[in-house]
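Working notes, structure below.
We did not get these values from a lab; they are worked out from the coordinates using the rules stated. Quick caveat, the model's predicted, so the values are computed rather than measured. Ideal geometry is used to build each Cβ from the backbone, glycine not excepted, and the neighbour counts take in all protein chains shown.
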Amino acid sequence: MYLYNMTKNLTNKIFIREEDKFIPMGHGIDHEANNSNHGKQQKHEQHSQHHQQQQQQHHQQLPISNHYNVNLQYDSITPEAGRQTKLILSVTEQKSGNPIREYELVHDKLMHLIIVNEDLSYFAHIHPTFEDHSESFTIVHTFPESGRYKLWIDFKPKGGNQTLVAFRINVTGHPIHKPAALVHDRKYTKESLDRKYQISLKLPEKLAAHNDADIVFSISDVEGRPVTDLEPLMGAGGHSVIISSDIREFLHVHPTEEVDHSWKGGPDISFRSNFPKPGLYKAWGQFQHQGRLVVADFNLKVS
Ligand SMILES: [Cu+2]
């Protein structure tokens with residue numbers, strides 16, 4: 001089902017952008033509060049390079065009446081690399097066209113926004129803010145390079161269905177991003193982006209599409225000592241987002257185990273995933289330790 005955005009240009013500076021595709025829950029993503037297969041998810045942000053995740057679950061296709069339209073507007077009209085772009089997101093009930101003004105928390109946030117570029121070399125997970133008495137969420141974001149980006153927005157209207165919507169946008173300016181194809185590098189131990197941790201990924205012997213697979217992130221310090229006092233991130237032991245190399249499939253994965261606020265854990269955090277099709281994917285794992293966000297990414301091949 002395709003949504004589209006209208007141009008509602010009140011100031012001549014705000015322009016509603018093309019929409020991509022409405023993704024019914026259960027198609028590539030899943031979110032559900034009480035799915036036995038996942039526990040939680042988390043999200044976090046880091047400045048200048050945000051990362052976050054969510055979880056995936058299995059959902060039924062929603063009745064059409066419960067679908068929503070989402071408008072993405074941005075200011076300036078042409079997002080430019082290295083410059084702040086204000087993103088404005090508003091949600092309306094598809095049938096009535098009424099704006100949605102109340103939302104439920106999903107993983108501790110009212111709305112999650114994940115941004116990647118075309119080759120998945122850039123990843124951000126940020127949380128637009130909802131102003132009281134407002135009809136829209138806003139966030140200011142700076143795209144690092146020009147090129148094509150894809151945005152996924154995840155939210156749950158009060159009493160409604162958790163919804164994931166994707167948009168594509170083009171960013172102009174410099175530097176110009178030079179896309180590099182994702183490769184199956186078989187590197188399953190990496191340093192975190194801040195180089196303070198070592199993260200290993202343990203995979204089943206065979207990752208096959210349409211089968212549940214437990215993927216396990218194991219977090220150690222730089223000397224290889226296992227970290228056993230990870231903290232909850234977005235109400236979970238960690239978060240993982242997995243996106244296919246063609247940037248069509250998006251999985252929000254939550255750990256298989258739930259945690260409360262006093263939780264300390266690690267070094268292993270397990271996520272149950274179900275890949276919708278064979279191919280190459282990139283997986284980001286996000287964790288929190290001593291108040292710091294720990295992020296690493298891996299490339300996975302699914303047969
Ligand atoms: Cu989020």
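Over 21 Å between Cα atoms: which of K206/K277; K86/K150; K202/K301; K206/K282; K86/K158; K156/K264 fall into that group? Listed pairs above 21 Å: K86/K158; K156/K264.
Close amide H pairs (under 5 Å, H built 1.01 Å from N) link L233 with G238, residues at least 5 positions away or on another chain. Between the C-alpha center of the stretch 139-199 and that of the stretch 68-109 there is a gap of 17 Å. The Rg/Rh ratio for the stretch 189-302 is 0.96, where Rg is the radius of gyration of the alpha carbons and Rh is the Kirkwood radius.
Dipole size of the stretch 215-276 about its Cα centre, with +1 on Lys/Arg Cβ and -1 on Asp/Glu Cβ: approximately 160 debye, rounded to the nearest 20. For the stretch 181-281, GluC sites (Glu not before Pro) meeting the loop criterion (DSSP other than H, G, I, E, B) and having at most 10 other Cβ atoms within 10 Å: E205, E223.
The trypsin sites (Lys or Arg not before Pro) of the stretch 201-303 that meet both conditions, a loop assignment by DSSP and at most 13 other Cβ atoms within 10 Å of the site Cβ, are K206, K264.
Could you grab the relative contact order for the stretch 189-302? Cα pairs under 8 Å, six or more apart, rounded to a whole percent. Computed value for the stretch 189-302: 30 percent relative contact order. For the stretch 116-160, the set of GluC sites (Glu not before Pro) satisfying both a DSSP loop assignment and a count of at most 10 other C-beta atoms within 10 Å is given as E131.
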